[in-house]
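Enquirer: Structure incoming, see below.
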Amino acid sequence: MTEHTPFFLDIPQFAFFKDLEAELGVTPAFFNGLLEEDDWSFVIKLHSLIEAAATHLLVEVLDKPEARDVISFLELSNSRTGKIAFLNSMGLLESNSKRFIKTLSEVRNKLIHDVSNVNLSLEQFVANLPDADEKGLNKKGFNKAFKWGHTDESKVQPQKGEDQYDVHELIKLFAIICMKSSQYKIAIWLGSIIILRQFYNQVSHKRFKSELRQVDDRLIELFTNLGERLNGEKIRRE
């Protein structure tokens with residue numbers, strides 16, 4: 001793997017990757033290097049990264065670092081008892097993000113449970129998927145998940161104003177274009193930026209709220225003490 005960084009990851013909106021990788025304990029530029037992996041390794045490692053990030057988010061939001069080991073053993077995509085079930089119940093996971101993660105888990109499970117898939121490309125993998133009317137993972141479900149519920153790029157509206165763009169919608173636009181040209185690896189990699197950014201934003205929001213509470217507590221203590229002192233001075237003067 002190399003430490004080459006795609007040019008757009010250098011912009012401030014993606015600076016969080018360095019902090020996230022450090023907090024998860026993975027090597028610097030781990031996420032960038034996933035594009036250098038073969039497709040099998042790419043899916044397995046990306047799934048592990050997202051699972052670790054989900055654990056990290058749950059620990060932070062619940063403020064239970066002592067429960068990290070227990071939370072880490074939860075399945076990622078079990079809709080009733082997995083990490084995404086907890087995140088969804090707390091309003092921390094959008095429906096399209098949930099579908100993305102769940103489908104990535106299905107792809108990962110199919111790849112990892114058959115050793116003959118080690119050398120299989122994602123293009124071959126998708127070609128071998130059953131049609132839409134089949135149960136389980138199929139072509140329609142694969143496309144819906146990694147196209148973020150859209151049929152084509154015309155449905156995505158990243159521009160929110162004259163000079164304003166929604167970063168996540170812009171990423172979805174390019175992911176859909178990649179999906180249409182069967183560049184599944186790049187499409188999934190792009191989509192995972194959205195997932196990881198959503199997770200890290202939630203962690204940052206939780207920490208910000210905690211810091212605000214600490215400031216509030218200090219102010220309450222300060223004014224309580226000040227009130228007691230002023231009241232004491234008033235009694236002595238009387």
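Enquirer: Can you confirm whether region 111-127 contains a residue that is acidic (D, E), within 21 Å of S204 (Cα to Cα), out of contact with any Asp or Glu (no Cβ under 9 Å at 6 or more places or on another chain) and in a loop (DSSP other than H, G, I, E, B)?
Expert: no
Enquirer: Next up: Within region 57-108, which residues are in contact with a Lys or Arg (Cβ under 9 Å, 6 or more places away or on another chain), closer than 22 Å to K147 by Cβ and of a type outside the set (A, V, I, L, M, F, W, C)?
Expert: S77, S79, N88, N96, R99, T103
Enquirer: Which ones in region 139-155 are surrounded by fewer than 17 Cβ atoms within 10 Å (Cβ to Cβ) and closer than 15 Å to K110 by Cβ?
Expert: K139
Residue-wise test of (1) at pLDDT 85 or above; (2) on the phi < 0 side of the Ramachandran plot.
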| site | (1), (2) |
| --- | --- |
| G149 | yes, no |
| D152 | no, yes |
| W189 | yes, yes |
| E211 | no, yes |
| F223 | no, yes |
| I235 | no, yes |
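Enquirer: So in region 110-136, with the set limited to residues that are touching a residue at least 12 places away in the same chain (Cβ under 8 Å) and hydrophobic (A, V, I, L, M, F, W, C), which one is surrounded by the fewest Cβ atoms within 10 Å (Cβ to Cβ)?
Expert: Only one residue tops the list, namely V118.
Enquirer: Within region 201-219, is there a residue that is more than 23 Å from W40 (Cα to Cα) and among the hydroxyl-bearing types (S, T, Y)?
Expert: Checking region 201-219: at least one residue is more than 23 Å from W40 (Cα to Cα) and among the hydroxyl-bearing types (S, T, Y).
Enquirer: How many residues does region 113-126 contain that are modelled with pLDDT under 95 and either hydrophobic (A, V, I, L, M, F, W, C) or over 14 Å from I44 (Cβ atoms) (or both)?
Expert: Total satisfying the criteria: 4.
Per-residue answers, yes or no, for (1) touching a Lys or Arg at 6+ places or on another chain (Cβ under 7 Å); (2) touching a residue at least 12 places away in the same chain (Cβ under 8 Å); (3) over 19 Å from D166 (Cβ atoms):
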residue	(1), (2), (3)
S182	no, yes, yes
I188	no, yes, yes
I193	no, yes, no
R197	no, yes, no
Y200	no, yes, no
V215	no, no, yes
I220	no, no, yes
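Enquirer: Is it the case, given these coordinates, that V107 is more than 14 Å from the chain's Cα centre (by Cα) and crowded, with 21+ Cβ neighbours inside 10 Å?
Expert: yes
Enquirer: Could you run through region 63-79 and say how many residues are outside any helix (DSSP H, G or I) and under 19 Å from the mean Cα position of the chain (by Cα)?
Expert: So the count comes out to 8.
Enquirer: For region 62-102, which positions are among the hydroxyl-bearing types (S, T, Y), within 22 Å of I44 (Cβ to Cβ) and either surrounded by fewer than 19 Cβ atoms within 10 Å (Cβ to Cβ) or touching a residue at least 40 places away in the same chain (Cβ under 8 Å) (or both)?
Expert: Result: S72, S79, S97.
Enquirer: Here is a further query. Taking the options K98, K102, name whichever one is under 15 Å from the mean Cα position of the chain (by Cα) and within 21 Å of L20 (Cβ to Cβ).
Expert: Matching residue, one of K98, K102: K98.
The values are calculated or read from the model by the stated rules, or taken from the named source; none is laboratory data. Values in this document were obtained by computation on a predicted structure and should not be read as measured data. When we count neighbours, we look across all protein chains shown, and the Cβ atoms used for this are built from the backbone with ideal geometry, even at glycine.
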